[in-house]
C-alpha cells in the first residue's frame, strides 16, 4: 500500500471541496488524472474511500480514517520543512553532550556561556554522568561529545586533551590534615570517606588502594558536591575530589589538601566517536573547546 504526498493532498482537497472536479481544479490536476489517482488509492487499500452521489462525494468510514492519518502525516511534513528551512538561514540545532563532574565544576561553564552567547541558534543538551558511562554513551551514539577523565578506558574513541585536574583531599578544619601542604594517599587510605557518585573516580581510587593492600571505606556516597561538603564539615569522613569541585564548596570550616602522588593529576579529555563525522554544530563546539583548551 503506497500513497505519495500528492495523493494525500488531493484526497483531503476532494473531501473538503465535496467533489473530485473541484478538488482536481484546486490541485491544478486534470479531472482524469485526479480520478485515476483516487481509484489507484482505493485499489491499493482494497476498500472505497469515497461515496459518490448526485451532489458530489463524501468520505466513507475508510475515507475518514485516511483523512485523519493524512492530516497528521502532512502536518509532520510541514513541521519538518519549517525546521529544515531554518538551517538554510544559519546554524540551528541541538548538540548532545555529556560531562563528568570535574569538567562541569570549572572548565565547561564559562566556555559554554560564551559559545551559546555567540551562537544564538544553537542549544546544548548537557547531561552529567561518570566518565565510564560517558565513554559507553559516546561509543553507542547516544551523545555526540563527552568530557571525561583518563581514569576511564578511552581506547574506542577519538580524544583531545583539554585540561589537567588535580585530586585533593577535603577534610574538616579540625582534622589532623588541616593546614598541610600535601598528603600521600597511603597516609589516609585507612580513614572513613564520604564518596562522590563518580564510578570512574571510585574505581581509580579503589585500584590505588588495592596496590597498598587496602580497601577504602565509604560511610556514604552522594551525587551533590554541596552535600559532600556538608558531611565532611560535620566530621563524617574525608572526601577525595577534583580541585575544581572542591573549590565549589566555599565552606570556611573545610581544609583542602592536594594528594602528593603523580597519579593524582588526572587529565580531562574531549571525546567523540569520530570528530570528522560530527554534525556541523557539534563540530563547531568541539573546535571551540579544543581552541580554548590550555592544559597546565
Quiz item: Which one of 96, 54, 266 has the biggest mean-square fluctuation once the chain is modelled by GNM with Cα springs under 10 Å?
Solution: 54
Quiz item: Taking N as the number of residues in the stretch 6-162, what value does Rg over Cα atoms divided by 2.2 N^0.38 Å take?
Solution: 1.76
Quiz item: Roughly what angle does helix 108-118 make with the longest principal axis of the chain, taking Cα atoms, 0 to 90 degrees, to the nearest 10?
Solution: 40
Self-check item: Pair residue 33, residue 78: separation of 7 Å Cα→Cβ label points (nm)
Solution: 2.3
Quiz item: Dividing the alpha-carbon Rg of the stretch 5-88 by 2.2 N^0.38 Å yields what?
Solution: 1.18
Quiz item: Roughly what angle does helix 131-140 make with the longest principal axis of the chain, taking Cα atoms, 0 to 90 degrees, to the nearest 10?
Solution: 30
Quiz item: What ratio of Cα Rg to 2.2 N^0.38 Å holds for the chain?
Solution: 1.60
Quiz prompt | Of 193, 185, 66, the one that fluctuates the most in a GNM where the chain has Cα springs shorter than 10 Å | solution = 66
Quiz item: How would you rank 273-280, 221-228, highest first, on the average number of other Cβ atoms within 10 Å across their residues?
Solution: 221-228, 273-280
Quiz item: Looking at the stretch 174-282 from every direction and averaging, what is the projected area of its Cα convex hull in nm²?
Solution: 8.7
Quiz prompt | On Cα atoms only, tilt of 5-17 relative to the major axis of the chain in degrees | solution = 60
Quiz item: Of 135, 67, 183, 14, how do they rank once you tally other Cβ atoms within 10 Å and put the fewest first?
Solution: 67, 183, 135, 14
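Bear in mind these aren't lab numbers, they're just calculated from the coordinates by the rules spelled out. Please read these numbers as outputs of a predicted model, since none were measured by experiment. All Cβ positions, even for glycine, are placed from backbone atoms using ideal geometry, and neighbour counts span all protein chains on display.
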